[in-house]
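Chemist: What follows is a structure written as structure tokens; I'll ask about it next.
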């Protein structure tokens, strides 16, 4: 190769190398500039797949797609609530732009305790003002805002629907998770007067592990409970197959707050449209990424509620579902 052509070839190679290096540098800079959102949840990823997808849809509605222009760092407590404070602290140490607390009140309280400056988007079942998360619904005032999906407030209605399914019931077993102190207290606050008004006798059973669920069922069967009311809790949702199987095995009509348990074989559920709740949480996360302040974003109050009846399970339990109840159900699983 002549010297002139060789020099031109080497210059071309050098220029190409510089161009490639510049592209790599720009790509790294873009990646470094990508905002990071921390997602904190009481459960495991495989337990909330549909909810997580709904949350991502909400993010996408505001223009954010994971891996393209936003990075998500996930922290899962795997049902061990005592891990939440350290998981939240880890997200704070990573200086995430926002913490999306997808695990209800326990995850939200852990995030609130960990930071007073990083925005936190919550999805809680009880009144966030009563929980001390915000100063008001219209103007949260601090670094937290999100969605209130009312599952605790729907406690009395859920018990009423279960009683309508089993009108002869006298003894109601109530399954709560003692690790969710606030949610348990609020559930019992609404459940006890509702049960008294219906002439029902309450017996409370605690469970915060899979083994304790088995033990609770053994005890409530010995107590000859007529019906079972399961408190709304992320842990119970993660054990939905176990709960559904146990209620069928022991022929115990039960009411739940999450539709996933009815889909897994539970008799009935009544609560907010949880997928819409997570979508709205994703939208709020995106809006804050775009510059909105949590203090100025009103808490969204869920307005979509759904009654799901598993008619197949009802037949297995020997229950005749009243036609009026079937007609009012949002979904009947055959």
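The values are calculated or read from the model by the stated rules, or taken from the named source; none is laboratory data. Only a predicted model underlies this, so the values are computations on that prediction, with no experimental measurement involved. Note that we place each Cβ from the backbone using ideal geometry, even for glycine, and neighbour counts take in every protein chain shown.
Chemist: Scan (1) farther than 20 Å from residue 158 by Cα; (2) crowded, with 19+ Cβ neighbours inside 10 Å for the single condition residue 271 breaks and write down its number.
Modeler: Among (1) farther than 20 Å from residue 158 by Cα; (2) crowded, with 19+ Cβ neighbours inside 10 Å, the lone unmet condition for residue 271 is (1).
Chemist: Then there is this: Please verify whether segment 41-50 includes one or more residues that are touching a residue at least 12 places away in the same chain (Cβ under 8 Å), in a strand (DSSP E or B) and surrounded by 14 or more Cβ atoms within 10 Å (Cβ to Cβ).
Modeler: Within segment 41-50, one or more residues are touching a residue at least 12 places away in the same chain (Cβ under 8 Å), in a strand (DSSP E or B) and surrounded by 14 or more Cβ atoms within 10 Å (Cβ to Cβ).
Chemist: Can you confirm whether residue 75 is more than 26 Å from residue 114 (Cβ to Cβ) and either assigned to a helix (DSSP H, G or I) or at pLDDT 80 or above (or both)?
Modeler: Spelling it out, it is not the case that residue 75 is more than 26 Å from residue 114 (Cβ to Cβ) and either assigned to a helix (DSSP H, G or I) or at pLDDT 80 or above (or both).
Chemist: Go over the candidates 141, 102 one by one and state the one that is assigned by TED's automatic domain parsing to the domain that holds residue 278, buried (at least 17 other Cβ atoms within 10 Å of the Cβ) and over 22 Å from residue 189 (Cβ atoms).
Modeler: On inspection, the qualifying residue turns out to be 102.
Chemist: Now, a different point. State the number of residues belonging to segment 156-181 that are under 14 Å from residue 232 (Cβ atoms), without any contact (Cβ under 8 Å) to a residue 60 or more places away in the chain and crowded, with 18+ Cβ neighbours inside 10 Å.
Modeler: 3
Chemist: From the list 166, 181, 170, 129, which residue is in contact with a helix residue (DSSP H, G or I) (Cβ under 9 Å, 6 or more places away or on another chain) and either within 28 Å of residue 100 (Cβ to Cβ) or in the same structural domain as residue 217 (by TED's automatic domain parsing) (or both)?
Modeler: Residue meeting the stated conditions: 181.
Chemist: I would also like to ask the following. Exactly one of these conditions fails for residue 128: (1) more than 25 Å from residue 178 (Cβ to Cβ); (2) in contact with a strand residue (DSSP E or B) (Cβ under 7 Å, 6 or more places away or on another chain); (3) outside any strand (DSSP E or B). Give me its number.
Modeler: (1)
Chemist: Can you tell me how many residues within segment 294-325 are closer than 19 Å to residue 147 by Cα, exposed (fewer than 15 other Cβ atoms within 10 Å of the Cβ) and touching a residue at least 60 places away in the same chain (Cβ under 8 Å)?
Modeler: Residues that pass the stated criteria total 3.
Chemist: Further question on the same structure: When segment 105-121 is examined, which residues are found to be crowded, with 24+ Cβ neighbours inside 10 Å and closer than 11 Å to residue 143 by Cα?
Modeler: Residues satisfying the conditions are 111, 119, 120, 121.
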